[in-house]
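What follows is calculated from the coordinates using simple rules that are stated; it is not laboratory data. Given the structure is predicted, the values throughout are model-derived calculations rather than measurements. Every residue, glycine as well, gets a Cβ built from its backbone with ideal geometry; the counts of neighbours run over all protein chains shown.
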Amino acid sequence: VEFDFAASGFSMVIVDTGGNHADLNDDYTALEHEMKEVARSFGGQVLREFSAEKVLQNLAFLRTRVNDRAILRALHFYADDQRVVDQVASLQNNDFQEFLRLIIDSGNSSWMLCQNCYSHKNSELKGITIALAATENVLKGKGAWRVHGGGFAGTIQAFVPNDLLADYVREMNAVFGDMACTELMIRPAGAIRLAKTLSGGPRLEN
């Protein structure tokens, strides 16, 4: 998507909460396994073969076939796939506030439905959720925040108003250690391909 993030007045910051990924294979595997269990309950293989409405209309049936978390994760799958489409549209329409709202919606869904903001095997350690709560407190309704990557441990992403950037970085570093924050630059061009010209030099193609 071509969008000038630098002109938005926000910076994207990745915050490393210091979590350890060494013992999370079971958590990541369960995400795929549980969603496919819902699909198999309907005689299919993957969720895209069915609709969110089919899941919602058959909750009682599904609860006799799979655990509740699998159903919640299936609902997250449907809604978050649609959110990606809506996020693209918001950027194409230059509606950055709608983009931020969708980021928050996605993050809340990850926390409540997908449940990948901490590992249930070690539920006392909640670095990601601490970071999300601290971010919300600093930004106070401005910007957006959500778990980053596969979750369970590691990082969050935040879109921070530039006038709050220094305060935000200071607060996060105070909690998670110096250099916890990395400010990313997002180029305005969408996906490009490098191609050779007849003269042998590179040429950029959108």
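Taken together, the residues in the stretch 2-48 that are within 28 Å of S90 (Cβ to Cβ) and over 17 Å from the mean Cα position of the chain (by Cα) amount to 13.
Please enumerate the residues belonging to the stretch 158-182 that are without any contact (Cβ under 8 Å) to a residue 40 or more places away in the chain, closer than 11 Å to V138 by Cβ and in contact with a strand residue (DSSP E or B) (Cβ under 7 Å, 6 or more places away or on another chain). Listed by number, the list is empty, since nothing qualifies. Taking the criterion of being surrounded by 13 or more Cβ atoms within 10 Å (Cβ to Cβ) and of a type outside the set (G, A, S), the residues of the stretch 41-62 that qualify are F42, V46, L47, F50, K54, V55, L56, N58, L62. Of all the listed residues (N67, N93), the sole one being polar (S, T, N, Q) and farther than 19 Å from C114 by Cβ is N93. I need the full set of residues from the stretch 139-177 which are of a type outside the set (A, V, I, L, M, F, W, C) and under 28 Å from K121 (Cα atoms), in order please. The answer is R146, H148, G149, G150, G151, G154, T155, Q157, N173, G177.
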